[in-house]
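A short worksheet on the structure shown next.
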Amino acid sequence: MTAEQIIFLIVALFTLGSALMVVTTGNLVHAALWLVSTLFGVAVIYALLNAGFIAVVQVVVYIGAIAILFIFAVMLTRKDLRDQGPQMNSNWWLGAILAVLVFAGLAFMLQGWSGFSKTAAVLPSGFDAVGLLGEQLTSPNAYVLPFEVASVLLLAALVGAVYVAFNKK
Amino acid sequence: MIPLSWYLILAAALFSIGLFGVLVRRNAVAILLGVELMLNAVNINLVSFWRYADVSAMTGQVFAIIVFAVAAAEVSVGLALVISVYRSRNTVIANDLNLMKW
């Protein structure tokens with residue numbers, strides 16, 4: 001077992017453990033903080049995949065913006081957190097069975113796929129992933145249209161969020 | 001080297017945990033937390049397929065960026081809806097929001 005594999009296993013266990021805490025812990029502020037540690041583990045996974053830019057964007061956008069937004073929302077809807085009622089449905093076992101079935105189905109399907117245990121090719125020397133990504137995102141022959149649609153979507157979401165949450169008295 | 005299967009199994013497990021959260025949590029904010037876990041699982045798949053296929057085709061990373069944008073839009077509108085519902089109904093428990101249920 002190489003050092004890379006040991007690092008991967010540690011990070012994967014940390015990520016999955018934090019994700020389990022997100023869905024099972026009763027206190028919502030703790031759940032949001034466990035989400036932060038899950039997202040950080042995923043950022044390390046991106047770094048292991050040589051996708052440095054995606055890892056940085058994960059930390060900046062997910063941890064810096066989305067997780068903080070969750071903590072704000074938890075605190076704005078705080079009154080419900082103090083009640084001692086159950087945080088899960090009465091038929092939570094049905095959800096657990098369904099989740100296990102989905103995982104088993106995905107694992108079974110992946111196992112039958114020929115490229116399942118493929119190993120990565122060595123990156124070519126001087127490979128500039130960030131530059132290539134920027135070119136692809138702004139080139140008319142590549143992904144400029146999805147890029148622009150995503151920016152319009154963000155603008156619409158911004159206006160919509162302000163309109164929906166605005167206190168009209 | 002790490003085989004592709006490890007990343008795919010990790011992403012499948014993360015997706016299933018997120019699905020469990022979406023199905024069983026009662027609080028609407030906690031349901032959105034589960035959705036975030038599922039989106040992250042998808043992103044791990046996209047980036048690992050980029051790395052293990054032709055690295056000069058950046059499709060996987062480009063779509064990971066698009067998923068980031070969609071996740072930000074989804075969570076901002078979703079949390080605005082939750083806050084708006086909390087203002088008018090004074091609850092964020094998904095079971096109690098049955099105004100349109102016949």
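When you look at residue B:87, is it among the basic types (Lys, Arg), at the interface with chain A (Cβ under 8 Å from one of its Cβ atoms) and surrounded by fewer than 19 Cβ atoms within 10 Å (Cβ to Cβ), yes or no? The answer is yes for residue B:87.
Across the range A:63-96, the number of residues qualifying as modelled with pLDDT of 85 or more and either of a type in the set (Asp, Glu) or under 25 Å from residue B:5 (Cβ atoms) (or both) comes to 1.
Can you find a residue in the range B:70-84 that is of a type outside the set (D, E, K, R), farther than 22 Å from residue A:63 by Cα, without any contact (Cβ under 8 Å) to a residue 24 or more places away in the chain and part of a helix (DSSP H, G or I)? For the range B:70-84, residues of a type outside the set (D, E, K, R), farther than 22 Å from residue A:63 by Cα, without any contact (Cβ under 8 Å) to a residue 24 or more places away in the chain and part of a helix (DSSP H, G or I): present.
Scanning the range B:1-27 for residues that are of a type in the set (Gly, Ala, Ser) and either modelled with pLDDT of 90 or more or crowded, with 23+ Cβ neighbours inside 10 Å (or both) yields B:11, B:12, B:13, B:16, B:18, B:21. Total residues in the range A:13-55 satisfying the condition of being aromatic (Phe, Trp, Tyr) and more than 10 Å from every other protein chain (Cβ to nearest Cβ): the figure is 2.
Scanning the range B:21-69 for residues that are under 29 Å from residue A:122 (Cα atoms) and outside any helix (DSSP H, G or I) yields a count of 6. When the residues of the range B:28-55 are filtered to those that are over 18 Å from residue B:12 (Cα atoms) and more than 7 Å from chain A (Cβ to nearest Cβ), the one that is modelled with the lowest pLDDT is B:54.
Rundown of residues vs (1) touching a residue at least 24 places away in the same chain (Cβ under 8 Å); (2) surrounded by 12 or more Cβ atoms within 10 Å (Cβ to Cβ), yes/no style:
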position	(1), (2)
A:63	yes, yes
A:113	no, yes
A:127	no, yes
A:130	yes, yes
A:140	no, no
A:144	no, yes
A:147	no, yes
A:155	no, no
A:158	no, yes
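The single residue among A:109, A:75 that is surrounded by 11 or more Cβ atoms within 10 Å (Cβ to Cβ), in a helix (DSSP H, G or I) and assigned by TED's automatic domain parsing to the domain that holds residue A:30 turns out to be A:75.
Of all the criteria given as (1) surrounded by 22 or more Cβ atoms within 10 Å (Cβ to Cβ); (2) under 20 Å from residue A:30 (Cα atoms), the one not satisfied by residue B:64 is (2).
The values are calculated or read from the model by the stated rules, or taken from the named source; none is laboratory data. Remember, it's a predicted structure, so these values are computed and weren't measured experimentally. Cβ: placed from backbone, ideal geometry, glycine included. Neighbour counts: every protein chain shown.
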